[in-house]
Amino acid sequence: MIHLNKNRRINFYGIKDQQAANPAYQHGMDLIKQGDWEHGFYLHELRSLPDLRIKQGIKTDFSKTPVWVPGNWCKGKNAIVWSEAGWGDIIQFSRFIPLLKQAGLQSVKLLFPDPVIRLLKRLPNHNGLYTAGESFPNAVKIKVMSLPYFLMEHNVIPAEPVQKIYGSEGIFRNPEIVKPVRQKPLLGYCYTTLNNSWNMQAKQMPKELMLNFIKQHPEFDWVSLQQDDGFITSKHWSDTADQIQTLDGVISVDSAIAHCAGSVGVPVTNLIGQEGSACWRWFPKGDTTYWYDSMKTIWYDTWTEGLEKALTHFQQPKKVKKDGINNTRSKRQTKANK
């Protein structure tokens, strides 16, 4: 069991067992839910312990480059930001890459899977891609999900919740995309995702339920944002982002599609579910989130309830009626009543 010292700090170099780290990591997520970002994101660094020893017999500079952990001051160093998690995590946390040089880093290079590279190239203030085997001296590796606490520790972003976090307005938006004018709003939908998260069941809506809901709402046109259904045809997230940007809105389970829609500023309703099955990042519980200005978080008990709640954010308000008579009467009717 890991214990914090009097300053609520731990020795990362003394931890060799992920099982021992997990309770403190879980406590960190609870602290983030409660709004304690400083200590919550600090303990969030225990999610996957890095090998802090330099491996012997490995000649690539990347393998020799040390992994950043809390307490390592990096002013004057170079950095390689690298992927450790899923697509949604990359989209959510890579927004902080442009702020890294404010922490005193000299040069920042990126090492990510090919499908997300074009999207990340839209970010300013970095030095391009890191090439395998490239000589990059005086460097440190920073995991993409470590960026919030790294920037807190280096006094770049606040160590407490803020109303508007960096990049929340749609940092990956493509200014060249023009949304078409339509007679009916076009909504995209994502009903399932296939990652291995602990709350996987909360992200797998039955397809038949989604299709039946669509049939009940012909006032909208609909397109599927599932990879195999035809509207999303490219493996590159930049293409997916551009396609989503042409839509009038998105209804999605908690998935990379929801993150992508928020990252380009498209109105998106994120079907979170019940509080017990919700990820820490969507707290405090409400209908908005720090992470994306255009996102509404939908809490519900059943899929049908969630979909109905989600759709209210896209429906046009109905005309108000008084005494059973529509208030938008013609001038002729108004004169006749005088």
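The values are calculated or read from the model by the stated rules, or taken from the named source; none is laboratory data. From a predicted model like this one, the values you see are computed outputs, not experimental measurements. Using ideal geometry, Cβ is built from the backbone for each residue, glycine included, and neighbour counts are taken over all protein chains shown. The protein model used for the area step is the full one, side chains on, heavy atoms only, and it has no ligands, DNA or RNA in it. Shrake-Rupley method; radii C 1.70, N 1.55, O 1.52, S 1.80 Å.
Filtering the range 222-267 down to residues that are assigned to a loop (DSSP other than H, G, I, E, B) and small (G, A, S), which residue is modelled with the lowest pLDDT? Among those residues, the one meeting the criterion is G230. All conditions in (1) under 25 Å from N174 (Cα atoms); (2) aromatic (F, W, Y); (3) at pLDDT below 95 hold for W198, with the sole exception of (1).
Just one of L119, L100 is touching a helix residue (DSSP H, G or I) at 6+ places or on another chain (Cβ under 7 Å) and open to solvent by less than 20 Å² (accessible area, probe 1.4 Å); which is it?
Working: L100 fails: touching a helix residue (DSSP H, G or I) at 6+ places or on another chain (Cβ under 7 Å).
Every option except L119 fails the conditions.
No other residue among S252, S277 is crowded, with 18+ Cβ neighbours inside 10 Å and in contact (Cβ under 8 Å) with a residue 12 or more places away in the chain apart from S252.
Hey, any hits in the range 74-82 for a residue that's at pLDDT below 95 and either under 21 Å from A21 (Cα atoms) or in contact with a strand residue (DSSP E or B) (Cβ under 7 Å, 6 or more places away or on another chain) (or both)? Within the range 74-82 (the criterion being at pLDDT below 95 and either under 21 Å from A21 (Cα atoms) or in contact with a strand residue (DSSP E or B) (Cβ under 7 Å, 6 or more places away or on another chain) (or both)), the answer is yes, since at least one residue qualifies.
Among the residues examined, T193 qualifies as among the polar types (S, T, N, Q) and touching an Asp or Glu at 6+ places or on another chain (Cβ under 8 Å). For the range 201-213, give me the residue count where each residue is surrounded by 17 or more Cβ atoms within 10 Å (Cβ to Cβ) and at pLDDT 95 or above. The qualifying residues number 3.
Scanning the range 82-113 for residues that are in contact (Cβ under 8 Å) with a residue 60 or more places away in the chain, more than 16 Å from the chain's Cα centre (by Cα) and over 20 Å from I165 (Cα atoms) returns a single hit, W82. Taking each residue of the range 138-154 that is free of Cβ contacts under 8 Å to residues at least 60 places away in the same chain and looking for partners that are open to solvent by 10 Å² or more (accessible area, probe 1.4 Å) and outside any strand (DSSP E or B) with beta-carbon atoms closer than 6 Å, six or more apart or interchain, yields L151/L99; L151/I157.
Being at pLDDT 90 or above, open to solvent by 30 Å² or more (accessible area, probe 1.4 Å) and out of contact with any His (no Cβ under 6 Å at 6 or more places or on another chain) is a description that applies to D36.
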